[in-house]
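The values are calculated or read from the model by the stated rules, or taken from the named source; none is laboratory data. Note that this is a predicted model, so its numbers are computed, not measured. Quick reminder, even Gly has a Cβ in these numbers, built from the backbone with ideal geometry, and neighbours come from all protein chains shown. Surface accessibility is based on the protein's heavy atoms, side chains included, excluding ligands, DNA and RNA. Shrake-Rupley method; radii C 1.70, N 1.55, O 1.52, S 1.80 Å.
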Amino acid sequence: MAYPFQLGLQDATSPIMEELLHFHDHTLMIVFLISSLVLYIISSMLTTKLTHTSTMDAQEVETVWTILPAIILVLIALPSLRILYMMDEINNPSLTVKTLGHQWYWSYEYTDYEDLNFDSYMIPTQELKPGELRLLEVDNRVVLPMEMTIRMLISSEDVLHSWAIPSLGLKTDAIPGRLNQTTLMATRPGLYYGQCSEICGSNHSFMPIVLEMVPLSYFETWSALML
């Protein structure tokens, strides 16, 4: 999860988020180089006496500064499109979980099981135990197996919500009357926090999401207890 004064993105926990981090660094370097070039040109214009009288007829310069931005846009667009297609792929998921957004809590249904469903509410501040995070802890965590492809079906029963887990690179809108889907796969166990990322009402900031990624054996034990 994020920590105070953090400048970068959260640590990647899924292959998709790793690709997003690499794309972020790739694009940021391009922006840095362009900004440095522009700053150098501005500095040169302010400190150098201009004596060149043929600037208006510099066809070679115009050709370069027309073609170069096009090349830069291609270098940004190609990896971006690759990641977009990767995020939309559904590769034979091992488990399907349906998520419904409500004002202001989430409900979850494990569709591969007959009666495994529950609601997930934020724990009020006065009920927190030592070590728990304010405004981020919930009474029922979503327990999922790690290193397995999991499909999330996301919808809403009232207004627009958005189911987002930054460290997994997930952010999918929950829209009433529409079923969106996304996939996730965590490469290591742990607790991963998120929040509703849509302004869904007065308690918008009080419907957190907590994923508990565990080994498959622990997940089978948990699901048997829940049933």
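Entry remark, region 79-97: residues being over 18 Å from the mean Cα position of the chain (by Cα) and in a helix (DSSP H, G or I) number 0 in total.
If I filter region 86-108 for residues that are in contact with a helix residue (DSSP H, G or I) (Cβ under 8 Å, 6 or more places away or on another chain) and within 30 Å of Leu216 (Cα to Cα), do I get at least one hit? So far as region 86-108 goes, yes, one or more of its residues are in contact with a helix residue (DSSP H, G or I) (Cβ under 8 Å, 6 or more places away or on another chain) and within 30 Å of Leu216 (Cα to Cα). Entry remark, region 156-171: residues being closer than 18 Å to Leu144 by Cα and outside any loop (DSSP other than H, G, I, E, B) number 8 in total. Please tell me if Gln6 is outside the structural domain of Met152 (by the TED database), under 32 Å from the mean Cα position of the chain (by Cα) and within 26 Å of Glu137 (Cβ to Cβ). Yes. Assuming Leu144 fulfils every condition listed in (1) within 20 Å of Met226 (Cα to Cα); (2) outside any strand (DSSP E or B); (3) within 21 Å of the chain's Cα centre (by Cα) apart from one, which condition is it? Against the list (1) within 20 Å of Met226 (Cα to Cα); (2) outside any strand (DSSP E or B); (3) within 21 Å of the chain's Cα centre (by Cα), Leu144 comes up short only on (2). Does region 3-23 contain at least one residue that is modelled with pLDDT of 90 or more and either in contact with a Lys or Arg (Cβ under 6 Å, 6 or more places away or on another chain) or farther than 30 Å from Arg188 by Cα (or both)? Checking region 3-23: not a single residue is modelled with pLDDT of 90 or more and either in contact with a Lys or Arg (Cβ under 6 Å, 6 or more places away or on another chain) or farther than 30 Å from Arg188 by Cα (or both).
Screening region 98-130 for residues that are open to solvent by 50 Å² or more (accessible area, probe 1.4 Å) and assigned to a strand (DSSP E or B) and picking the one that is nearest to Ala164 (Cα to Cα) gives Lys98.
Right, Leu68: of a type outside the set (Gly, Ala, Ser), within 21 Å of the chain's Cα centre (by Cα) and open to solvent by 70 Å² or more (accessible area, probe 1.4 Å) or not? No: the conditions fail for Leu68.
Here's the yes/no breakdown for (1) loosely packed, with under 10 Cβ neighbours inside 10 Å; (2) part of a helix (DSSP H, G or I); (3) aromatic (Phe, Trp, Tyr):
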site	(1), (2), (3)
Tyr40	no, yes, yes
Leu46	yes, yes, no
Ile72	no, yes, no
Ala77	no, yes, no
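Residues checked against (1) assigned to a strand (DSSP E or B); (2) open to solvent by 20 Å² or more (accessible area, probe 1.4 Å):
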{"site": "Glu132", "(1), (2)": "no, yes"}
{"site": "Asp173", "(1), (2)": "yes, yes"}
{"site": "Leu191", "(1), (2)": "yes, yes"}
{"site": "Gly194", "(1), (2)": "yes, no"}
